[in-house]
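The block underneath contains the structure these notes are about, expressed in C-alpha cells.
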Amino acid sequence: MKKLLTVLCALLCVLSLAACAKKEENVPAGGDTSSEVNNIGDCFRMETLGYEIDDNNIKVITDEYVYEGTMTPELYDKLNEIDFFDEKKNEKYAEVLSVVAIDKKTLRSESKLSADEIASLIGKKGQELIDKGFENYGYYMNKDENSQFMMGKNGYNYNVTVEEKYENDDSIDGTELFSKSTIKEITESN
C-alpha cells in the first residue's frame, strides 16, 4: 500500500510540474513580441520604461526595443486632454495612438555604451557623446571639483565627469556647456 501511495504521489507531482511548465510557455516574456506590436498604441499596452512625446514625434522605450512614430499636432492635443494622473492613462494613450504607425524599431541595447566605447570617449569633447544621441538631464557643479553631467539615452544613464571645473549658475545651458567640455570619466548610473 505504501508503494502504491508513493507512486501515486510521484505521478501527481510530475503531472503538477508538467501543468505548471505548460502554463509558463503561454506567458509572453517582457511583453515585447513582434506579433503584439503593430502600432504605437500597442506599445502603451505593454510595460514601458518611458516615453517621449512632442507634437511631431513619439518614442516609446521598452526593455527590449525603442519604437518611434510620427505625431500630428491633433493627436498631440488629444493626448494633452488626458489627465496625466488618470489610472487608465496608458489605456487612453493606447487608444489615441493606435493610428500611429511604427516608423522605426531598434534594439534598446544598441544605446548602451560598451567598455570600449567608454574608453574611446575619454579625453574627447562631450559633443561626441551628444552626437551618439545622448541627452543631458542634469549636472553637478562645484568650482573646487570636476563638474559632472548626467547623460542618458533610451533608459541607459551615465554620470560623466569632465576635466573642467565650473561654478553653478542658473543661466547655464547644460547641453551646450557639456558639448565643449573634455570627458574625464564615464560611469553607469541607475
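The values are calculated or read from the model by the stated rules, or taken from the named source; none is laboratory data. Quantities reported herein were computed from a predicted structural model and do not represent experimental measurements. Cβ atoms come from the backbone with ideal geometry, glycine included; neighbour counts cover every protein chain shown. Only protein heavy atoms, including side chains, enter the accessible area calculation; ligands, DNA and RNA are left aside. Shrake-Rupley method; radii C 1.70, N 1.55, O 1.52, S 1.80 Å.
Values as computed for the structure displayed
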{"quantity": "Count of residues meeting criterion [of a type in the set (Gly, Ala, Ser) and part of a strand (DSSP E or B)] in the range 162-182", "calculated": "0"}
{"quantity": "Filtered residues of the range 140-158 (kept if part of a strand (DSSP E or B) and of a type in the set (D, E, K, R))", "calculated": "Glu145, Lys153"}
{"quantity": "Flag for Leu129 being in contact (Cβ under 8 Å) with a residue 60 or more places away in the chain and of a type outside the set (Ser, Thr, Tyr)", "calculated": "no"}
{"quantity": "Residue check for Lys132: open to solvent by 60 Å² or more (accessible area, probe 1.4 Å), at pLDDT 95 or above and under 20 Å from the mean Cα position of the chain (by Cα)", "calculated": "yes"}
{"quantity": "Residue in the range 99-113 that is nearest to Thr175 (Cα to Cα), counting only those that are open to solvent by 50 Å² or more (accessible area, probe 1.4 Å) and small (Gly, Ala, Ser)", "calculated": "Ser109"}
{"quantity": "Scope the range 43-97; condition within 26 Å of Glu135 (Cα to Cα) and in a helix (DSSP H, G or I); matching residues", "calculated": "Cys43, Pro73, Leu75, Tyr76, Asp77, Leu79, Asn80, Asn90, Tyr93, Leu97"}
{"quantity": "Selected residue [open to solvent by 40 Å² or more (accessible area, probe 1.4 Å) and modelled with pLDDT of 95 or more] from Glu25, Glu68", "calculated": "Glu68"}
{"quantity": "Residue satisfying condition, being among the basic types (Lys, Arg) and more than 17 Å from Glu188 (Cα to Cα), within set Lys132, Lys125, Lys153", "calculated": "Lys125"}
{"quantity": "Which listed residue is among the acidic types (Asp, Glu) and under 29 Å from Cys43 (Cβ atoms), from Glu110, Glu164", "calculated": "Glu110"}
{"quantity": "Residue that is nearest to Leu107 (Cα to Cα) [pool: residues in the range 162-182 that are surrounded by 12 or more Cβ atoms within 10 Å (Cβ to Cβ) and acidic (Asp, Glu)]", "calculated": "Glu176"}
{"quantity": "Lone unmet requirement of (1) in a helix (DSSP H, G or I); (2) modelled with pLDDT of 95 or more; (3) within 21 Å of the chain's Cα centre (by Cα) for Val100", "calculated": "(1)"}
{"quantity": "Enumeration of residues in the range 144-158 that are acidic (Asp, Glu) and in contact (Cβ under 8 Å) with a residue 24 or more places away in the chain", "calculated": "none"}
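One line per residue, one yes/no per condition, for (1) free of Cβ contacts under 8 Å to residues at least 24 places away in the same chain; (2) part of a strand (DSSP E or B); (3) crowded, with 17+ Cβ neighbours inside 10 Å:
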| position | (1), (2), (3) |
| --- | --- |
| Asp116 | yes, no, no |
| Ala119 | yes, no, no |
| Gly138 | no, yes, no |
| Val160 | no, yes, yes |
| Lys184 | no, yes, no |
